1. What are the residues in segment 161-197 that are under 22 Å from the mean Cα position of the chain (by Cα), under 17 Å from residue 90 (Cβ atoms) and not small (Gly, Ala, Ser), if any?
2. Step by step: first the residues of segment 86-121, then only those that are part of a strand (DSSP E or B) and touching an Asp or Glu at 6+ places or on another chain (Cβ under 9 Å), then the one that is surrounded by the most Cβ atoms within 10 Å (Cβ to Cβ). Which residue is that?
3. Select from segment 136-160 the residues that are among the polar types (S, T, N, Q) and under 8 Å from the mean Cα position of the chain (by Cα) and write down the one among them that is nearest to residue 172 (Cα to Cα).
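Read the figures in this text as sums done on the coordinates, not as results from a lab. These numbers come from a predicted model, not from an experiment. Methodologically, a virtual Cβ is constructed for each residue, glycine included, from the backbone with ideal geometry; neighbour enumeration extends over all protein chains shown.
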Amino acid sequence: MIQRCLALLCVFSLSGCSWFSDQQFVRDRSDDYRKARVEPKIKVPAHLEDDALQDIYVIPPTTETVTPTGNFEVPRPAPLVAQESEEMVRIQRLGDEEWVLAAVAPGQLWPQVRSFLTSNNVQVARVDARAGLIETGWFQGRDARMSERFQFRIEQGVQRNTSELHVLQQYQAGDTNSWPEASGDAERSSEMLLAVAQYIANSAETAPVSMMAQQAMGEGGKVTLQEDATGQPFIRLSLPFYRAWASVDRGLRESSFTIRDLDRSSGLFYVRFVPPEEDDGWFGWLFGGDEEDDLLTQQDYVVKVAEENPDQVRIDMTREDGVAMERGQTQQLLGLLKGNIN
């Protein structure tokens, strides 16, 4: 009798579980977003800071303003860019400047730099996630002739999901109320940059992400393909002219353009597009599909880099013989160049 009662109890228990499941005891929340409301931002008293009150999931603005030409056609995939490689971290130099180029978003690089300082027992004196700045306190570094401090500046890279890390060094001598424009000891700055780069490379796979830093610094990159008021496609690059010129020079070579001549004072490159001779390769399919595409490889072009302001340039491409290019053709060539600028 006891066994029969236990058996009946089990049957009722199982049917009860099934009943709750059929009635969706756990409410489906997948459509809750449709009822979401935009609430006003919390008001903080004037004497308090509101830096910590930021939207967690921000929808970024659209930066690509180029519109399809004529009747809609399924666009061809953008060609693979040349600089995409297995190298997660690289040290780049231009003149007296050097910086770390990391193939991670700023929100991922930020906690790595902070972790590097913590693991080396370096005290952090100031942090500004919006400006991408981390400043250390004064300390006696190994082999340093006196106390010094460092400033780490993290910026969005030229391409999406890349970051730049710049390091500034200062000795505790002279005017220490503000940071100098250049490091007091370039060798010490280079040593610190190399140490941080090595740490980032070793910990890239396990690095966390800072949502606040990503929101403050994470954008769509510094290079965009846009159209002006006349519908002419062009590239806008948010770099000073001297860096933009070097970046375009490298980008043209990586994009299979042959530089025939150049005039830096006028911001002009004279180039010819010569894709690799591969019958079944990517470029053979991308630019060898029809007679119209073949014409792109038989012309000489002029690439103009014009400074719009101290931190931004505009890049245009035209045929050297003065014949007007179709907008779609200009988009093709500029899109290829855009993917190889860093």
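1. Within segment 161-197, 161, 162, 164, 165, 166, 167, 193, 194, 196 meet the criteria.
2. 102
3. Among them, the one singled out is 156.
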